[in-house]
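Coordinate-derived values only; no laboratory data. Given the structure is predicted, the values throughout are model-derived calculations rather than measurements. Heads up, the Cβs are rebuilt from the backbone with ideal geometry, glycines too, and the neighbour counts pull from every protein chain shown.
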Amino acid sequence: MPSKYTIISTLKGTPLRPFRLLRQDALNLRRRYVSDWTTFNQLVFASAVYVFFTNLLPGITFASDLDALTGVTWSTIEVVLSTGICGIIFSLFSVQPLTVIGVTGPFSVLAENIYALCTWSFNIPFLPFMAWSLIHAAWLHYLLAIFNAHDWTMRYVTTFSTEIFSLLNSVIYFHKAVQELERAHNSLSFAGFLYAIIGSVGTMLVAIFLSTADKWRPLFHRYVRLGLKEYAAAISIIIFIAIPHIGELANLDSMTLHVSTSFKPTSPTRETFFVEFWKLPVMWIFGAIIPGLVITLLFFFDHEVSSIICTIDRYGTRKPAGFAWDIALLGTTTAICGILGLPPANGLLPQAPLHSESLMYTEGELFHDREKKVEERKVTRVYEQRWSSFLHAGGILLFVSPPFIKVLGLTPTSVLAGLFLFMGEQSLSIKYEIISLYISGYSGGLQKLQSNSLSVFRSPYATVRTPCSSDHFTAAQAPV
């Protein structure tokens with residue numbers, strides 16, 4: 001007689017409980033899916049435009065690095081195609097559409113090292129080995145989703161952790177801006193380098209200045225002011241792309257984004273976007289499990305933290321989340337990228353909070369106190385929908401066609417540096433109580449801290465303002 005105690009029945013009584021989160025996430029997706037498509041307005045479209053630039057242009061810089069360090073195996077066309085395909089899939093099928101999907105810097109570094117090992121140490125083809133690494137990463141993602149890895153790995157991620165990540169994001173942006181200017185210094189004449197500095201700082205200042213347009217009353221109509229604010233980054237980028245082509249500036253040397261000129265793989269040895277991964281020797285198929293495990297760990301924590309950051313308390317999100325479902329979906333897109341010979345995309349940590357910030361609005365809600373009195377308070381929410389993710393990913397996918405990608409190649413790297421500076425400034429809003437706690441240290445007698453936000457350089461005049469925010473962080477909640 002077969003035993004009634006199977007592996008599945010035994011695990012059902014444990015915290016693992018296979019498929020528990022996947023079933024719950026499937027129900028959450030069903031509950032929210034229709035309403036995600038019925039929300040659309042001017043702010044949603046403006047957010048799509050903003051995220052389009054903040055996702056596409058930094059991705060091109062990673063493509064330039066990959067082009068140089070993977071022997072032109074991966075370049076602009078592969079990065080743009082991967083970002084567009086994965087972004088479309090996540091906008092349609094993920095439970096948390098606010099997460100921004102793209103090719104990340106850490107994976108670029110990992111891919112460069114795998115390429116070096118395949119080429120110089122193992123003497124095997126890079127793309128088939130990478131394809132198997134990503135296929136192994138896919139089934140490892142499925143295991144993490146099936147056994148509810150989110151519950152036993154992310155329980156210690158607190159508000160403190162996410163706010164510190166926001167500070168880290170700002171530092172990363174500023175560092176990338178300095179890197180772009182350093183490259184310009186090494187490649188351009190002195191006059192060209194000086195204009196690169198002017199162009200980058202100008203891009204940042206114009207974007208910051210326009211982002212304050214809603215406070216220009218009574219100047220311009222209200223809708224004009226809102227339009228200038230919502231499209232601040234796009235307007236600034238277009239202005240400083242055009243300026244170098246005017247007058248004497250057209251004679252200056254400049255650095256522009258390196259892009260492909262046709263819709264085909266960058267490598268001259270590839271004819272199609274399809275990898276013959278089955279031709280890799282069996283020994284190396286199993287050997288690819290090791291980099292597959294590394295990719296899984298990198299993608300899992302990257303994507304999980306990205307999903308948490310874009311839905312933290314201060315954004316007022318109300319719709320159900322779905323971490324396990326999205327990890328399984330990430331495994332699927334990772335395998336697709338491996339088979340197509342593309343760098344895989346996952347949740348972008350720096351861009352995650354910027355997407356939510358661009359969708360924020362204020363509304364009045366009724367609150368009941370203990371004496372049953374009704375009070376209306378202003379609360380901050382974000383538009384939880386799929387349109388901004390779908391439109392920006394569709395726009396990125398459109399730029400794999402030769403006419404559009406040639407236009408992208410007109411973008412000076414100084415404008416990219418300015419965009420990095422603006423993105424860093426936008427994500428530099430750090431909770432005052434967290435800074436105080438970090439400096440002064442935790443104390444058992446520490447009382448509930450006043451909830452203020454410290455925002456540095458929030459206007460072109462370098463003013464400091466402290467708007468009120470929700471007081472949800474207490475000494476008792478502070479991690480040690």
Virtual spin-label span in nm between residue 278 and residue 109, 7 Å along Cα→Cβ: 3.7 nm
Rounded FRET efficiency, nearest 0.05, which uses the C-beta distance separating residue 219 from residue 42 and R0 of 22 Å: 0.65
Net charge dipole size for the stretch 98-239 [Lys, Arg +1 and Asp, Glu -1 on Cβ; Debye, nearest 20]: 520 debye
Sorted by Cβ density within 10 Å, fewest first, the residues 33, 142: 33, 142
Estimated FRET transfer efficiency (residue 406, residue 171; beta-carbon r; R0 30 Å; 0.05): 0.35
Burial ranking of peptide ranges 296-306, 89-99, 339-349 (average Cβ count within 10 Å, highest at the top): 339-349, 89-99, 296-306
Euclidean distance of C-alpha centroids, the stretch 258-289 and the stretch 138-163, integer Å: 31 Å
Approximate spin-label separation residue 253-residue 239, in nm, with each point projected 7 Å along Cα-to-Cβ: 2.9 nm
Loop-located GluC sites (Glu not before Pro) in the stretch 112-193, at most 15 other Cβ atoms within 10 Å (DSSP): none
Net charge over other residues, Cβ less than 9 angstrom from the Cβ of residue 317 (K, R count +1; D, E count -1): +1
Protection proxy ranking, peptides 187-194, 117-124, 102-109, average beta carbon neighbours within 10 Å, highest first: 102-109, 187-194, 117-124
Hz values of 3J(HN,Hα) by residue in the stretch 229-239 - Karplus curve (6.51, -1.76, 1.60), Gly and Pro given as x: 5, 6, 10, 4, 5, 5, 4, 5, 4, 4, 4
Cβ-based charge dipole, the stretch 7-428, positive-most Cα from 287, 53, 88: 88
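Shape call for the stretch 143-186 from the C-alpha gyration tensor, a ≥ b ≥ c root eigenvalues: rounded (a/c under 1.5), prolate (a/b greater than b/c) or oblate?
Oblate shape, in that a/c is at least 1.5 and b/c is the bigger or equal ratio.
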Relative pair counts by distance (%), Cα atoms of the stretch 95-232, 10 Å bins: 9, 18, 25, 26, 17, 5, 1
Table column - 3J(HN,Hα) (Hz), the stretch 44-59, Karplus curve with 6.51, -1.76, 1.60, x for Gly and Pro: 5, 5, 4, 5, 4, 5, 5, 5, 4, 5, 6, 9, 5, 5, x, x
Packing-based exposure ordering (other Cβ within 10 Å, fewest first) of 428, 168: 168, 428
In nm, spacing of pseudo-spin labels at residue 30 and residue 179 (7 Å Cα→C-beta vector): 4.5 nm
3J(HN,Hα) from dihedral phi, the stretch 305-318, Karplus parametrisation 6.51/-1.76/1.60, rounded to Hz, x for glycine, proline: 5, 4, 5, 6, 4, 7, 10, 6, 4, 5, 8, x, 5, 10
Filtered GluC sites (Glu not before Pro), the stretch 222-303: DSSP coil and at most 13 other beta carbons within 10 Å: 271, 276
In Å, descending, principal axis extents of the Cα set of the stretch 7-428: 71, 69, 33
